[in-house]
Amino acid sequence: MIEHGIGTPTGSGAQTSVADAELQGLESNIAPAREGRLFLLLSIFIGIISGLLVVAFRMAIEWLSVLLQGSAPAPGQLRLMIAPACAGIVIAVLTRYVFPEVRGSGVNQTKAALYIHNGYISFRTMVGKFLLASLAIGSGFSLGPEDPSLQIGAGVASTISRRVGLSRERLRLFAPIGAAAGLAAAFNAPISAILFVIEEVIGQWSAGVLGSIVLSAVSAVIVARQFWGSQPMFRIPAVDLHDPRELLAYAVLGVVGGAASLLFAKALGYLRPVLRNQPQWSQMMQPALAGILVGAIGYFGLPQVLGAGYGTIDLAMHGQFALKMLLLLALFKIVATTLSFSSGTPGGMFAPTLFVGAMLGAAVGSAERLLLPHLTGSIGSYALVGMGVLFAAFLRAPFTSVFMVLEVSGNYSIILPVILANTIAYLISRSLQPVPIFELFTHQDGLYLPSMEEQREESDLRVEDALQPVDVPILRGADTLWYTKQTPDPRVLASPVVLIECTDSTWYVASRDELAQILSKIQAENEPGADSSLQDHLSVERAPLIFPDQPLSNALSHFRRWPILPVSNRAKRGVLEGTISMEQVLKRYQQ
Amino acid sequence: MSTKAKPRSSILSQSARKLFLRDTLVFATLTCITLVLYGFTLLLFRSFESHRASLAVYWSDRGQDEMSHGQPNQAATSLRNAISYAPDDRRYELLLAQALSEAGQTDQAINYFLNLWESQPGDGFINLELGRLSSKKGLTQQAINYYRAAIFGDWQGDGPTRRRNVRLELADYLTSIHNLAAARTELLIASGNAENDAMINLSLGGKFAAIGDIPNALNSYKKVLVDKPHDLSALEAAGRLSLQSGDYAAAHGFFVEALEAGIEDANLRGRVLAANEEAERLEDLAFSPNMPDYKRAEHLMMGKAIAEARYNSCTMQLGETAQPPVDMLDLKPRWRAAENIRTRALKEDDGLQESLSSLIRDTEVVASKVCGPPSGDDAILLRLAESREPNQ
């Protein structure tokens, strides 16, 4: 922390103590402004360093892939089984004894760091994630590099912010900033990364952190593009909506994607806890066994399911697989990923999700091309939309899924099919699998992280929800005391409170006793003060300006001073929409 | 007051200086880390990129080698590997699509070419391959559309020749699906656009002949013979087409020229000799109305003698007891009426010529049905009868 990091006491005695106290006071004055500036600058550095690390991570995966699986993995090659099996043993040993925190994809770990550990991700975890995830994916485990990249980015942010010595509040904010940078570099798509972090990690739009997230994500992508160029991880074919009737096929794709995501989630939801509940010695064997099984899928005919599978996504997008092959690849990718992930091998879910989506999308496109050749657009369009569909349905990030497809394709003409298919898939998935997959994993791990899906849909109560019509007497503050006293409204004396409208269009809420006390100051018209206005005798403070659209919780603190609160109209100054009282507010919260 | 203000400002500036130094150090350190990391990443990236490039070249060379050795399946696998290391190399993509096509993986080849087509819909080669694959799949209209797009598409290198070859291929395809009128149109366009080359005309002649367009076929062969008067293929083909069209004299001329040019192949020589004899005899017996009257009358008298003998032998073959077919019975009074026809009268009477030629034809046709296939001159007369003398 800055309070302890700088200007530590050097002397002794009363004079020094006074000077130190003074210095600390001054530092605490300087610190917020300094942290604000540092925050933005560090966001850029976090983006750059995360981008470089993610590029290095991807290169490490590529190198390991060529070295371990060979330059042309093909059915019948024994190394396809041997490499992941051996890598599985190394991963199990290192995960058990050196890097115990690297299991899993990285998304939940980042969320846990944010919500449980004040944004803390150890340097060791970051290094472990880099090494073990690259070894796992490079050796052929069916996992992706995006989620680990997200955690690596968050780790970079956490490490840097700790070394710089920022406040706890800032430390916590840095984790999503780094996460966005890591994901942006991995996707080569900054908007999708930013949206995902907001949608899935933070759960809310916060202006305070949004600027830094954008800065870091853009910095990371600029760095990544220095190496990879501006194109995404796969070549995007020409995408178009050939005929409006094609939307029916996209709707079918939504249904197929929803069903596939359900199958995928059920398989993971079943196998992961079963394997995690096995004895320790058995858990040490699981990555190797999963490696053999996944390798066997490659050995016996489908080496495309090994690793992240970007090359295969690219081929499917360019219509290079027949219908049956596409369906087989989708099915076996689900099997391979379920085995790989459930065994505790570190690696992500994004790439397999995109893989399955692309295969199903291309399959629907191919089927349509066979049945209705004159109505079909490019298969690439279907594959691209399919990726978004699985992203929406399986990862439950519908907003990100739409923007991901738009950002990756760079073509807004596809927005209608994307929204249609994604919505259908998302609704099917939500109806049949109410708990999102990442939340399911946290429950299986015994954690209770906030559910972003629920958080997104929580509706905050507003003032208008507790609003009541004005049923208390209203007095004019400009009237003289004598006038007020002489024209008594019988309700004024009966009501426990009255509203007084002041001349500057503000309102005052006076209790019956307070009003009686003011009016008792005069007894006759010619007494001094009888012709003074009522508002001159009120306290200088006024009831707070409250509007119907404000959060109801904002009003709570004012009830300590005011028995009721007038709710004003935003368009017409001084005009009341109604009032709220403590009883009404509590009643509304209890409903 | 002033003595108290001085330490405060001094403390403040000291603190600010410390913070500034500290932050400068932090950013200097971060910059150094970034530079070191950049160097490391660049090294890793460059090394892998160069490795990828060499792997792409290795696999594409291997794929082409396998293609040239007639192993399209292996070639497809190798070329897929090449593309995975150089995904933007169009050359590899085309090679892979060709390999898939040759390997009989029609669906995948179509998908591959369609994908290439989406980015280059005007490419002649891609359209041609799609036309070929669609024709294999039986997608007739699609195949024709792709062939036509190939004809009007972009070609690298010798565009006119490639377009003509595609048009000829389209004509072959149209012929194979019995759309002869469309095939003829394509051949006529190809013929009109083609330069006067013997090989091209020879090919066009064959294709015209295949769709039954004998005049254009003969025309093409004649163009060949202008350039190469002793071209045996053209001479033989022209002879046979002339024979087919009833121009026996021309056929005889082409065969004679072929024989005079010297045919080394004994089988071919035998075939040409037989065809030549047939042409000669057809020429001798032909009784086309276009002939001069005196010659036609002589030929009809020769034909009458042959046909009458055939009628008599056939009648004997059927025997007295057998019930002769109605067609044969119909011929009897006609032959009785023809007994007194003489050459002089025949020369002067066109109606008599027609009547006799009709009797000869009917006799040979009926006799071949009732008494079996004829031989010798009867066979020649039957051929004349069946051809209905197109020159008439």
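The peptide list B:30-40, A:347-357, put in order of mean Cβ contacts within 10 Å with the highest first, becomes A:347-357, B:30-40.
At an R0 of 45 angstrom, the distance between the Cβ atoms of B:T106 and B:K228 translates into a FRET efficiency of 0.65. Taking trypsin sites (Lys or Arg not before Pro) in DSSP loop states with no more than 11 other Cβ atoms inside 10 Å as exposed sites, chain B has its longest site-free stretch at B:1-341.
Each label point was placed 7 Å from the Cα along the Cα-to-Cβ direction; for B:M302 and A:Q278 their separation is 10.0 nm. Gyration tensor over the Cα atoms of the range A:534-591: the corresponding equivalent ellipsoid has semi-axes (square roots of 5 times the eigenvalues, largest first) of 21, 15, 9 Å. Once C-alpha pairs closer than 8 Å and six or more residues apart are averaged by separation and normalised to the residue number of chain B, the relative contact order reads 7 percent. Once Rg and the Kirkwood radius are both taken over the C-alpha atoms of the protein assembly as shown, their ratio Rg/Rh works out to 1.27. Ordering A:S216, A:S378 by the number of other Cβ atoms within 10 Å of each residue's own Cβ, fewest first, gives A:S378, A:S216.
So which of A:K111/A:K266; A:K521/A:K572; A:K111/A:K587 end up more than 29 Å apart, counting from Cα to Cα? The partial results should precede the final answer.
Values: A:K111/A:K266 23 Å; A:K521/A:K572 34 Å; A:K111/A:K587 34 Å.
From A:K111/A:K266; A:K521/A:K572; A:K111/A:K587, over 29 Å: A:K521/A:K572; A:K111/A:K587.
Within a 10 angstrom radius of each residue's Cβ in B:112-118, how many Cβ atoms of other chains show up on average? Whole number is fine.
Working: counts 5, 1, 6, 10, 2, 1, 10.
Taking the mean over all residues of the peptide, I get 5.
Loop-located trypsin sites (Lys or Arg not before Pro) in the range A:509-552 (DSSP state not H, G, I, E or B) with no more than 14 neighbouring Cβ atoms inside 10 Å: A:K521.
Multiplying the sequence separation of B:L180 and B:N73 by 0.36 nm and subtracting their Cα-Cα distance, what value in nm do you get? Could the numbers behind the result be given before it?
Values: separation 107, 0.36 × 107 = 38.52 nm, distance 3.60 nm.
Separation in residues times 0.36 nm, less the Cα-Cα distance, equals 34.9 nm.
Averaged across B:78-86, how many Cβ atoms of other chains sit within 10 Å of each residue's Cβ atom?
3
With r defined as the distance between the Cβ atoms of B:K136 and B:M199 and R0 fixed at 30 Å, what FRET efficiency is calculated, to the nearest 0.05?
Working: r = 27 Å, r/R0 = 0.91.
Using R0 = 30 Å, I get an efficiency of 0.65.
With Cα atoms as the point set, the radius of gyration and Dmax of chain B evaluate to 40.9, 163 Å. With a Förster radius of 25 Å applied to the beta-carbon distance between B:Y58 and A:F300, the computed FRET efficiency rounds to 0.45.
Exposed loop sites here are GluC sites (Glu not before Pro) assigned a DSSP state other than H, G, I, E or B and surrounded by at most 16 other beta carbons within 10 Å; excluding them, the longest clear run of chain B is B:1-194. Of all lysines in the structure, the ones whose alpha carbon falls short of 23 Å from that of B:K332, not counting any fewer than 8 places away in one chain, are B:K304, B:K369. Using 0.36 nm per residue and subtracting the Cα-Cα separation, the extra length available between A:V470 and A:N411 on full extension is 15.9 nm. Among the residues of B:41-52, the average count of other protein chain beta-carbon atoms within 10 Å of the residue beta-carbon is 5.
Can you put B:F48, A:F141, A:F123 in order of Cβ neighbours within 10 angstrom, beginning with the fewest?
Details: B:F48 16, A:F141 32, A:F123 13.
The most exposed by this proxy come first: A:F123, B:F48, A:F141.
In plain terms, the C-alpha convex hull of the range B:142-216 casts an average shadow of 4.9 nm² when viewed from every direction. By the beta carbon rule, with partners counted only under 4.7 Å, chain B holds these lone Cys residues: B:C32.
A helix-only calculation puts chain B at -27500 deg cm²/dmol for mean residue ellipticity at 222 nm, using -39500 (n - 2.57) for each DSSP H run of at least four residues, averaged over all residues. Spin-label model, A:Y97 to B:A266: label points 7 Å out along the Cα-to-beta-carbon direction sit 8.8 nm apart. For A:L41 and A:W63, the difference between the fully extended length at 0.36 nm per residue and the C-alpha to C-alpha distance is 4.6 nm. A Stokes-Einstein calculation at 20 °C with viscosity 1.002 mPa s, built on the Kirkwood radius of the range B:299-392 over Cα pairs, returns a diffusion coefficient of 158 µm²/s. Exposure proxy ranking for A:S401, B:S84, A:S192, based on other Cβ atoms within 10 angstrom of each Cβ and starting from the fewest, stands as B:S84, A:S192, A:S401. Only Cα sites of the range B:80-211 enter the Debye sum here, all with the same form factor; the resulting log10 I(q)/I(0) across q = 0.10, 0.19, 0.20 1/Å is -0.35, -1.06, -1.13, listed in q order. At q = 0.11, 0.15, 0.20 Å⁻¹, what base-10 log of I(q)/I(0) does the Debye formula yield for the range B:167-266 when every alpha carbon is treated as an equal point scatterer in vacuo? Cα-only, vacuum Debye calculation for the range B:167-266: -0.32, -0.58, -0.93. In this label model, A:H374 and B:D89 are separated by 4.1 nm, measuring between points 7 Å along each Cα→Cβ vector.
Under 13 Å of direct C-alpha separation, and excluding same-chain neighbours fewer than eight residues apart, A:K324 reaches these aspartates and glutamates: B:D107.
Bear in mind these aren't lab numbers, they're just calculated from the coordinates by the rules spelled out. These numbers were taken from a predicted model, which means no experiment stands behind them. Ideal geometry is used to build each Cβ from the backbone, glycine not excepted, and the neighbour counts take in all protein chains shown.
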